1. Can you sort H71, H111, H38, H31 by how many other beta carbons sit within 10 Å, fewest first?
2. Got a sec? How would S208, S82 order by Cβ neighbour count within 10 Å, fewest to most?
3. Return the single residue from L28, L204, L187 with maximal mean-square fluctuation; model: Gaussian network over the chain, springs between Cα atoms under 10 Å.
4. Using a Cα-Cα cut-off of under 28 Å, which lysines could be cross-linked to K18, ignoring same-chain neighbours fewer than 8 residues away?
5. Semi-axes, largest first, in whole Å: what does sqrt of 5 times each Cα gyration tensor eigenvalue give for the chain?
6. When the helix-only estimate is applied to the chain (DSSP H runs of n ≥ 4, each -39,500 (n - 2.57), divided by the residue count), what is the mean residue ellipticity at 222 nm, nearest 500 deg cm²/dmol?
7. Dipole of the stretch 1-100, Cα-centred, from +1 at each Lys and Arg C-beta and -1 at each Asp and Glu C-beta, to the nearest 20 debye?
8. Compute, for the chain, the length of the dipole vector about the Cα centre, with Cβ point charges of +1 (Lys, Arg) and -1 (Asp, Glu) only. Units Debye, rounded to 20.
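Nothing in this text is a laboratory measurement; each read-out follows from the coordinates by a stated rule. It should be emphasised that the depicted structure is a prediction, and the values quoted were computed from it without experimental measurement. Ideal geometry is used to build each Cβ from the backbone, glycine not excepted, and the neighbour counts take in all protein chains shown.
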Amino acid sequence: MIMPAAGSGQRFGSQSNKLFAILDGKPLWQHTVDRFQHRGDVRQIVLAVSEEDESTFREQIAAISSAAPIHLVRGGATRSESVGAALDAVKKFAAESTVANASAQTLVAIHDAARPLVRQADLDRVFAKAAETGAAILAAPVSGTLKRTTGNGSETVDRRNAFVALTPQVFAIDVICQAYARDRGRLATDDAQLVERTSHPVLLVPGSADNLKITFPEDLRIAEAILNECRS
Ligand code: CTP
Ligand code: MG
């Protein structure tokens, strides 16, 4: 699986990458890795990191144990570039898949390092659907009323078919490689956009809203609260 971790966390506003912020006693990124590393279907974890953060990641990785091996690659200036770099590494693992299932189809799961709370049941479902269809992502139904600006005001968007894209986004290796080969460098805020452009359908798998992306400092407090609740 691929974990883009090469951002700088500008909106979080700390001096170092938000992924090093401590959540429940350990760095945020380690929680994310822990959600995947024990799964029998995750063979490799490829972490895309920035030049600046590489030595810190190396030190922290050396201090933990992970059932699935963790590889580091150099990320890029945008999230898509970081995923593209990790995908090159995944291709090199070629015959060995990053995620494999019973039918031996190789799947690549891409998950933001900044989403430490993804649930195992959601992973089970999105992996299974991706194995069936070649492209499936977790997505949360929009709960509020959705608006869009118009020339002189706003209008309401029908929310019945509206979802917020989450991660992981899981693809057959050929599907995601083809999408990146076609559209690499295009600005995309998620990977499914690139697959949609190849006209391969992307299935939305409803996922828990707990799977928040740590973006602002208050998100870390919400994540602490969710972890505490899970323990009680
Ligand atoms: N990411 C990446 N390479 C980039 C930018 C982002 O690998 N050039 C990763 C981040 O590390 C994060 C995920 O993509 O795990 C989602 O990005 P986001 O939440 O936007 O994180 P940052 O880009 O670090 O935060 P900000 O946009 O506030 O600077
Ligand atoms: Mg960003």
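1. H38, H71, H31, H111
2. S208, S82
3. Between L28, L204, L187, it is L187 that shows the largest mean-square fluctuation.
4. K26, K213
5. Equivalent ellipsoid semi-axes, largest first: 26, 23, 18 Å.
6. -10500 deg cm²/dmol
7. Computed about the Cα centre, the dipole is about 220 debye.
8. 300
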